[in-house]
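Asks: Here it is: the structure, laid out below.
The values are calculated or read from the model by the stated rules, or taken from the named source; none is laboratory data. A quick note: this is a predicted structure, and the numbers were derived from the prediction, not measured. Please note: Cβ atoms are built from the backbone with ideal geometry, for glycine as well, and neighbour counts cover all protein chains shown. The accessibility values were calculated without ligands, DNA or RNA, using every heavy atom of the protein model including side chains. Shrake-Rupley method; radii C 1.70, N 1.55, O 1.52, S 1.80 Å.
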Amino acid sequence: MTDGARATTRPGRTPREVATHCPYCALQCGMTLREEAGRVAVLPRQFPTNRGGLCQKGWTAAELLDHPERLTTPLLRDPDTGRLRPASWDAALDRIVAGIRAVQDGHGRDAVAVFGGGGLTNEKAYALGRFARVALRTRHIDYNGRFCMSSAAAAGMRAFGVDRGLPFPLADLGRADTLLLVGANPAETMPPLVRWLTEQRERGGRLIVVDPRVTATARQADLHLQPLPGTDLAVANALLHIALTEGWVDRDYVSARTTGFETVRRSVAGWWPARAEALSGVPVADLEATARALGTAERVIILTARGAEQHAKGVDTVTGFVNLALALGLPGRPGSGYGCLTGQGNGQGGREHGQKADQLPGYRRIDDPAAREHVAGVWGVPADELPGPGVPAYQLLDSLGTPAGPKALLVFGSNPVVSAPRAARVEGRLRDLDLLVVADLLLSETAALADVVLPTAEWAEEDGTMTNLEGRVLRRRALRPPPAGVRTDLAILAALTARLQAQGRAPSYRILHRKGPFLAPSPGRVGAVDGSDPRAVFEELRRASAGGIADYAGVSWERIDERDGVFWPCPAEDGPDTPRLFADRFATPDGRARFHPVEHRPAAEEVCAEYPLHFTTGRVLAQYQSGTQTRRVDALRRAAPDAFVELHPDLAARLGIGDGAPVRVISRRGELRAPARLSTAIRPDTVFAPFHWGGAARANSVTNDAVDPVSGMPEFKICAVRLERVDEP
């Protein structure tokens, strides 16, 4: 076994090796899995995004394959004891279908909702959207990616006409002369990306980080701006103000490739640096130094991430940095541009193919008549039978069990009891449902509340595709089949669909089976798709996405296998893919990017005498998302065993709190309890907690459920709190 590899045991398996990708973040690092004598090892694999490197989460990923807490049989809640008990698949599926029938008969089709996840493969995300809209015929579907990339996605769509996290290959980061990271901490969230930052620094490039905390990434920066949470937009407008004043705006680019600049120019005229300093706390000298580094370098990249985006004004904040990038003439220029660091493993592909409340496959709008006709034709149903747009994730979750909201919910690949804002309220909404179904590989906090729990396959037990943060479509390959009693999500959806169809509650899906090349004219015949076969589902996805913004029509599994992935859009199998966007035009009707004036506004909840501190959340290196998986891996649990509350020593001294002492963080919505961790990395007016834990340490018990009016993104990154010592044991 090579250095750094980890293994798990499972006797009686034939030795096998597959090239695949890490199950965690959107970097989707290449790895090799080798099973020999019942042991599964994670080995290095040379791949463009990670060049053989993995973080601790990747090296230990195989340890979950045979974890003793792995679910291997369906569970049903016993009406007498109230406890979950093992059941057969037939009993579980029959219970789900009976529950769906009862709810829809009593309250209508929209009384059943679906909640997906940004870690599902493209095939599963596509099938989940189709299942909701054709089998259940409900408009209520959304997913946890709404809590991740939605603000950057909306800003990208209105500026560029397209939403792709990085519109250029990741390697461009290493060639940038100036790299600005806003609200991003890749040293802890996606460590293999740091090699590109190291390469950038070794070439003489300048790294500037904007973050309220002195993170592991900020410690590597040449310049660190430490604003008050929620004031990034003021910083963006001030930087553009300085660029205008100093003559660093690329007037030729602005004239030839954009519209709306004059309105933005006037809007930032009042954002002199001293005004931004008063709001954000970032010194004028640092703002000027940042603007100079951006305005005078040849190759410049601006990246945003959750720190800037998870706000009730997240779309406007990202737009402020997009305005800055456009004014400097960056997008579409080799080695330069604006991009967003996607978080979840398939955060990009997961939102392109129908999980979002307002979208159909190919990133088509569900209220576009032409889009509806195209997709309905692929699905073999009349376009007017497709439901309309649903509501964003938090609005959906907050309506569950209410008189006007859904009475049943099916959850795939998500744990909203931990990950949703105002989580105690969401937990209560889930308890109010007539039917809660959760498909997962472990008993998450959400699954523990369910009426039916379905055991699902892990990433190493199923084939499929993922789309990483560059828009690169990748192949996830199965090392082995799932354990006995476990089914894939596709198989679950296919079985539910078959039962609904047998009862006449869902129309039959149909597609044209063709003998010739993809989409080539041929007579074909009408027949049923094997909904449990990921390759068959992907072939249908290609048809459904053809002609859309995220066009996968030219992406085949064979083509991915021949190369290190395929970048969308790729409309033809014999045509090129698109590693770089915007070289000649933007994806707008006239080919020009759009400036949009945006004004800073306060956080949805400001500090006051009762709640005098700012609260913000984030991640730690050894844990991931809601922690359902990583908290069960021994090495990761040892590295980050418990939650904590980070606060400045000056604040701790004022409140009489010692390092490691239990504290309570209280907001208007709830509280969390965890040990104090004293650190000068945090501002004295701000406290921080990671969001990977549930129970008393659940950070999202505190966070604000105010949402961005455009994207539906909740304001995870700032709310008002007070801090108290916990004197009792």
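Asks: If you find the alpha carbon centre of the stretch 147-222 and of the stretch 276-341, how far apart are they in angstrom?
Replies: If you average the Cα positions of each part, the centres end up 11 Å apart.
Asks: Could you check the simple spin-label distance between ALA91 and ASP650, using points 7 Å along Cα→Cβ, in nm with one decimal?
Replies: 6.2 nm
Asks: Quick one: P(r) of the stretch 570-610 from all Cα-Cα pairs, 5 Å bins, percents rounded to integers, in order of increasing distance.
Replies: 5, 13, 11, 14, 11, 8, 8, 8, 8, 6, 4, 2, 1
Asks: Report, in listed order, any pair from LYS57/LYS407; LYS313/LYS407; LYS356/LYS717 with a Cα-Cα distance greater than 26 Å.
Replies: LYS57/LYS407; LYS313/LYS407
Asks: Turning to a different aspect of this structure: Compute the convex hull volume of the Cα atoms of the stretch 128-179, divide it by the residue count, and report the result per residue in Å³ as a whole number.
Replies: Enclosed volume per residue, from the Cα hull, is 129 Å³.
Asks: Report the antiparallel proportion of the DSSP beta bridges in the chain as a percent, rounded to a multiple of 5.
Replies: Within the chain, antiparallel bridges account for around 50 percent of the total.
Asks: Which value, in Å², gives the accessible area per residue of the chain when a 1.4 Å probe is used on the protein heavy atoms?
Replies: Spelled out: the 1.4 Å probe surface of the chain, per residue, equals 34 Å².
Asks: Please name whichever of PRO369, ALA357, ALA269 sits farthest to the positive end of the charge dipole of the stretch 244-400, dipole taken about the Cα centre and charges placed at Cβ: Lys and Arg +1, Asp and Glu -1.
Replies: ALA269
Asks: When a/c reaches 1.5 or more, the comparison of a/b and b/c decides; with that in mind, is the stretch 241-345 rounded, prolate or oblate per its Cα gyration tensor?
Replies: Note, shape of the stretch 241-345 comes out rounded.
Asks: Further, regarding this structure: For the chain, what's the relative contact order in percent, using C-alpha pairs closer than 8 Å and at least 6 residues apart?
Replies: Value for the chain: 18 percent.
Asks: While we're here: Going by a ≥ b ≥ c, the root eigenvalues of the Cα gyration tensor, does the stretch 302-377 fall in the rounded group (a/c under 1.5), the prolate group (a/b larger than b/c) or the oblate group?
Replies: Prolate shape, in that a/c is at least 1.5 and a/b is the bigger ratio.
Asks: Of GLY464, LEU64, GLY174, which is farthest on the positive side of the dipole of the chain, counting Cα position, with +1 on Lys and Arg Cβ, -1 on Asp and Glu Cβ, and the Cα centre as origin?
Replies: Farthest towards the positive pole: GLY464.
Asks: Express as a percent, rounded to the nearest 5, the fraction of DSSP beta bridges in the stretch 620-691 (both residues included) that run antiparallel.
Replies: Bridges in the stretch 620-691 are about 65 percent antiparallel.
Asks: Restricting attention to the stretch 558-665, which GluC sites (Glu not before Pro) occupy a DSSP loop and are surrounded by at most 12 other Cβ atoms within 10 Å?
Replies: Taking the stretch 558-665 and a limit of 12 other Cβ atoms within 10 Å, the loop GluC sites (Glu not before Pro) found are GLU606, GLU610.
Asks: Taking only complete DSSP H runs, can you tell me which helices of the chain stretch 24 Å or more along their own long axis by Cα positions and average at least 0.0 on the Kyte-Doolittle scale?
Replies: Taking the DSSP H segments of the chain (at least 24 Å long, mean hydropathy at least 0.0), we get 89-107.
Asks: Kindly give the semi-axes, whole Å and largest first, of the ellipsoid equivalent to the chain, taking each as the square root of 5 times a Cα gyration tensor eigenvalue.
Replies: Value: 38, 31, 26 Å, ordered largest first.
Asks: Can you give me the Cα centroid spacing of the stretch 624-681 and the stretch 35-60 in angstrom?
Replies: Taking the Cα centre of the stretch 35-60 as reference, the centre of the stretch 624-681 is 30 Å away.
Asks: Tell me the relative contact order for the stretch 363-473 as a rounded percent, counting alpha carbon contacts under 8 Å between residues six or more apart.
Replies: 17 percent
Asks: Calculated from DSSP H runs of 4 or more alone, at -39500 (n - 2.57) each and per residue, what is the 222 nm mean residue ellipticity of the chain, nearest 500?
Replies: -8000 deg cm²/dmol
Asks: Next question. Report, for the stretch 347-491, the % of DSSP beta bridges that are antiparallel, rounded to 5.
Replies: 40 percent
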